[in-house]
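Presented below is the structure to which this report refers.
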Amino acid sequence: MKVHLTRRYLFSASHRLHSPALSAAANHATYGKCNNPHGHGHNYFLEVTVSGTPHAHTGMICDLGQLDAIVSQQVLNRYDHVNLNELQDFASVVPTTENLTFAIQQILSRAGLPAHLEGIRLEETGNNSFEALGDGLGDNAPSSVQ
């Protein structure tokens, strides 16, 4: 029997949506108030969904402490309380939440999670959330995450 587990995490980060390939007017038209030169911040809610078969002795699909430690080390420590525009991860892409979602999926795909990564969901606001399904391996995401 395959069971899905979703864990929820919170981190805060700022960004400015601005493409060097666009003029100032085009950036403003495309990104609106999110193109503010001083940037703006969000409290992001990250949901990580993994799956597996419950272990015969523990009844769990994975060690939650191990999952939390990996997500903290690989994602939260990397993105919490930072300006995304200043990170190498977004040197060649605009730090939209779509690109952040792809970046997190790629990171977790390579992180050695204790269960199979089904996907992630990233909530930017009460009105906007983004999902990346699958383990991200082989996907051509527009992120430059190393």
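Observations
- Enumeration of residues in the stretch 101-128 that are under 12 Å from Tyr44 (Cα atoms), in contact (Cβ under 8 Å) with a residue 60 or more places away in the chain, not charged (D, E, K, R) and not in a loop (DSSP other than H, G, I, E, B): Leu122
- Test: residue in the stretch 27-39 that is in contact (Cβ under 8 Å) with a residue 60 or more places away in the chain and more than 16 Å from the chain's Cα centre (by Cα): no
- Boolean, Gly136 is surrounded by 20 or more Cβ atoms within 10 Å (Cβ to Cβ) and modelled with pLDDT under 95: yes
- Some residue of the stretch 134-143 being touching a residue at least 24 places away in the same chain (Cβ under 8 Å), of a type in the set (Ser, Thr, Tyr) and outside any loop (DSSP other than H, G, I, E, B): no
- Residue in the stretch 76-84 that is of a type in the set (Ser, Thr, Tyr), assigned to a helix (DSSP H, G or I) and without any contact (Cβ under 8 Å) to a residue 40 or more places away in the chain present: no
The values are calculated or read from the model by the stated rules, or taken from the named source; none is laboratory data. All values derive from a computational prediction rather than experimental measurement. FYI the Cβ positions are ideal-geometry reconstructions off the backbone, even for glycines, and counts take in every protein chain you see.
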